[in-house]
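K.L.:
Provided herewith is a single structure, encoded as structure tokens, for subsequent inquiry.
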Amino acid sequence: DVRSAEARVCLGEQALRAGRFEAAGDQFEAAHRLDADEPGVDLGLARIAHHQSQDGRALTLLRRELKRSGQRPEQALQVARLLIELHHPNRATEVLTRVLELSPASACGRQVVVDALLCRGVAHTLAGRTDCAVADYRRAARLAPSCGAAMRGLAQAYADLGRLRQASYWLQRAQRALPGDPALRHLRRRLMLATVRRAGHRILAPLRAIRK
């Protein structure tokens with residue numbers, strides 16, 4: 001029934017996935033007129049505001065969405081993802097920590113936990129907390145051993161920490177899980193260069209010591 005706010009939100013989300021932002025905006029505005037408290041309305045409008053580079057308005061809408069549906073893990077996870085896109089990793093981390101507290105121990109809940117851990121790993125990385133990112137990615141990898149995104153996150157995080165052996169190990173696993181991933185191709189080149197530089201430093205170190 002398109003006369004319900006919930007149906008309008010669904011139509012708005014479909015329009016967003018198709019890249020039809022104007023049509024999506026019409027649906028979310030219609031949902032808001034029908035029921036301003038319907039979950040997903042402000043989240044959808046926030047996505048549109050972000051697309052239009054109206055990030056201040058997007059943040060205001062996300063705050064409203066959190067007040068309304070912050071107890072729903074799936075909805076809060078979507079809010080956190082948009083907060084990361086808006087370059088607010090610390091606020092996203094707070095939301096994701098709450099998602100992890102709320103998520104049930106069911107099979108469906110486990111997937112939400114894995115997604116929240118991956119997302120929080122990204123937030124930690126953006127905030128410069130790489131060790132925390134490693135902890136979240138490792139936890140996600142334990143819960144979902146075949147999760148290529150967790151492997152990729154670990155490879156990137158260990159590379160950021162300069163732990164090249166661990167980075168190479170997780171890179172190889174990630175490449176098997178995500179063949180052809182462009183981020184992994186870039187990381188592979190990055191690790192090769194870092195390995196060459198490290199080997200060069202080891203070779204030149206004795207020569208520098210002699211010169212001194």
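Values in this text are rule-based calculations from the coordinates and carry no lab data. Worth saying up front: this structure is predicted, and the values here are computed from it rather than measured. Cβ: placed from backbone, ideal geometry, glycine included. Neighbour counts: every protein chain shown.
K.L.:
Calculate the dipole size of the chain relative to its Cα centre from +1 charges on Lys and Arg beta carbons and -1 charges on Asp and Glu beta carbons; express the result in debye to the nearest 20.
P.N.:
Numbers: 36 positive and 21 negative charges, 412 e Å.
It comes to approximately 1980 debye.
K.L.:
Treat each spin label as a single point 7 Å out from the Cα along the C-beta direction, and report the Glu6 to Leu143 distance in nm.
P.N.:
2.6
K.L.:
Given that just one value was derived from the coordinates, which of (i) 14.3; (ii) 15.1; (iii) 12.1 is mean projected area of the Cα convex hull in nm²?
P.N.:
(ii)
K.L.:
Can you give the FRET efficiency for Val196 and Arg163, using 1/(1 + (r/R0)^6), R0 = 22 Å, r = Cβ-Cβ distance, to the nearest 0.05? All intermediate terms of the calculation are to be shown ahead of the outcome.
P.N.:
Numbers: r = 17 Å, r/R0 = 0.76.
That gives a FRET efficiency of 0.85.
K.L.:
Between His87 and Arg110, how high is the FRET efficiency from 1/(1 + (r/R0)^6) when r is the Cβ-Cβ distance and R₀ = 22 Å? Nearest 0.05. Walk me through the numbers on the way to the answer.
P.N.:
Numbers: r = 29 Å, r/R0 = 1.33.
Calculated value: 0.15.
K.L.:
Below 8 Å between Cα atoms, with a sequence gap of 6+, how large is the relative contact order for the chain in percent? Mind showing how you got there, number by number?
P.N.:
Values: 249 pairs, mean separation 20.1, N = 212.
Across the chain, relative contact order equals 9 percent.
K.L.:
From the phi angles alone, apply the Karplus equation (6.51, -1.76, 1.60; θ = phi - 60°) to segment 169-184 and give each ³J(HN,Hα) in whole Hz, x where the residue is Gly or Pro.
P.N.:
Residue by residue, segment 169-184 yields 4, 6, 5, 4, 5, 5, 5, 5, 7, 10, x, x, 5, x, 5, 6 Hz.
K.L.:
Given the DSSP H assignment, sum -39500 (n - 2.57) over each helix run of at least 4 residues in the chain and divide by its residue total; what's the result at 222 nm in deg cm²/dmol, nearest 500? Before the final figure, lay out each step's value.
P.N.:
Numbers: 11 runs with 171 residues, N = 212.
Roughly -26500 deg cm²/dmol at 222 nm, from the helical runs in the chain.
K.L.:
Let me ask you something else. Multiply the residue separation of Glu101 and Arg185 by 0.36 nm, subtract the distance between their alpha-carbon atoms, and state the gained length in nm to one decimal. Don't skip to the answer; put the middle values down first.
P.N.:
Numbers: separation 84, 0.36 × 84 = 30.24 nm, distance 3.52 nm.
Here the segment from Glu101 to Arg185 would lengthen by 26.7 nm.
K.L.:
Can you work out ³J(HN,Hα) from phi for every residue in segment 4-17, in order, using Karplus 6.51 cos²θ - 1.76 cosθ + 1.60 and θ = phi - 60°, giving whole Hz and x for Gly and Pro?
P.N.:
Per residue, the Karplus-derived 3J(HN,Hα) values read 8, 5, 4, 5, 5, 4, 4, 5, x, 5, 4, 5, 4, 4 Hz.
K.L.:
Which one, Met192, Phe21, Leu171, is farthest towards the positive end of the dipole of the chain when Lys and Arg carry +1 and Asp and Glu -1 on their Cβ?
P.N.:
Projecting each Cα onto the dipole axis, the largest value belongs to Met192.
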